[in-house]
Amino acid sequence: MDVVEAIRQRKSVRGFKPDPVPKALIKKILEIAVRAPSSVNAQPWEFAVVTGDVLERIKQDNVDRLLSNTEPDPDLQSEPWHGAYRQRQVELAKQIFRLMGIARKDRQKRAEWAQRGVRFFDAPAAIIVYVDRSLSESRPLFDTGCVSQTICLAAIKYGLGTCIEGQGVHFPDVIRKHAGLPESKRIVTSIAIGYPDWDYPANKLETEREAVDNLTMWCGFD
């Protein structure tokens, strides 16, 4: 597949078929993805690929934490979005809820949607991306972003869909418990991966992008 076509096709998939993804296929995707660029070729990324019973236990514990109103405590803390960035976040939520038929005041359905998020949108597998704590918190973020994007693009070639999502790692102790990750590793994000269910309403979402000229300074051009 042409790389430009893959970039244009890539989207966040939030509904998956239950079909398992073979280990060999995910390994092939990771072997492609680790060709992603990194600062001074440091390659700070590491992966835990979870499926089957391990993934189910993570999903259940994540949901239990959510239902018990446990405050998320991700390894990477982030500040709330503001201004235009917050507006884009809100618009995304509105579009998804509209497709899913979730009314603004329907607390039950909104809660069910939040549970889907911590269940990796019920994908049959998930890739946990993490780095060593010996690295500063900010330094490897660009590199892990590059490898995560590359995983998503490579997955398209093999008919797979992905969703990079922080919700799945909101409770890092759950991941450590079931995936066996030591405290010496800082969990960055997760990627839900599986065969897309294109009939699932949320998968019909087409997000807009800001015009390039609104984001770019052209310097030195005639």
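The values are calculated or read from the model by the stated rules, or taken from the named source; none is laboratory data. Because the structure is a prediction, the values reported are computed rather than measured. Glycine gets a Cβ as well: all are built from the backbone with ideal geometry, and neighbour counts include every protein chain shown. Accessible surface areas use protein heavy atoms only, side chains included; no ligands, DNA or RNA. Shrake-Rupley method; radii C 1.70, N 1.55, O 1.52, S 1.80 Å.
Data for the structure
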read-out: Close pairs (7 angstrom Cβ cut-off, 6 or more residues apart or separate chains): touching a residue at least 12 places away in the same chain (Cβ under 8 Å) and under 12 Å from residue 58 (Cα atoms) in region 156-174, charged (D, E, K, R) and in a helix (DSSP H, G or I) anywhere; value: 171/65; 174/61; 174/65
read-out: Residue list for region 23-60, filter: part of a helix (DSSP H, G or I), among the β-branched types (Val, Ile, Thr) and farther than 15 Å from residue 179 by Cβ; value: 29, 32, 40
read-out: Search result, residues across region 33-71 that are over 18 Å from the mean Cα position of the chain (by Cα) and under 12 Å from residue 151 (Cβ atoms); value: 35
read-out: Qualifying residue in region 1-22 (condition: modelled with pLDDT under 95, within 30 Å of residue 208 (Cβ to Cβ) and not in a helix (DSSP H, G or I)); value: yes
read-out: Among the residues listed as 95, 87, the single one being open to solvent by 100 Å² or more (accessible area, probe 1.4 Å) and farther than 25 Å from residue 186 by Cβ; value: 87
read-out: Tally of residues being open to solvent by 50 Å² or more (accessible area, probe 1.4 Å) and either more than 14 Å from residue 59 (Cα to Cα) or in a loop (DSSP other than H, G, I, E, B) (or both) across region 102-121; value: 8
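Conditions tested, residue by residue: (1) of a type outside the set (Gly, Ala, Ser); (2) on the phi < 0 side of the Ramachandran plot; (3) open to solvent by less than 20 Å² (accessible area, probe 1.4 Å).
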residue: 54; (1), (2), (3): yes, yes, no
residue: 58; (1), (2), (3): yes, yes, yes
residue: 75; (1), (2), (3): yes, yes, no
residue: 123; (1), (2), (3): no, yes, yes
residue: 136; (1), (2), (3): no, yes, no
residue: 152; (1), (2), (3): yes, yes, yes
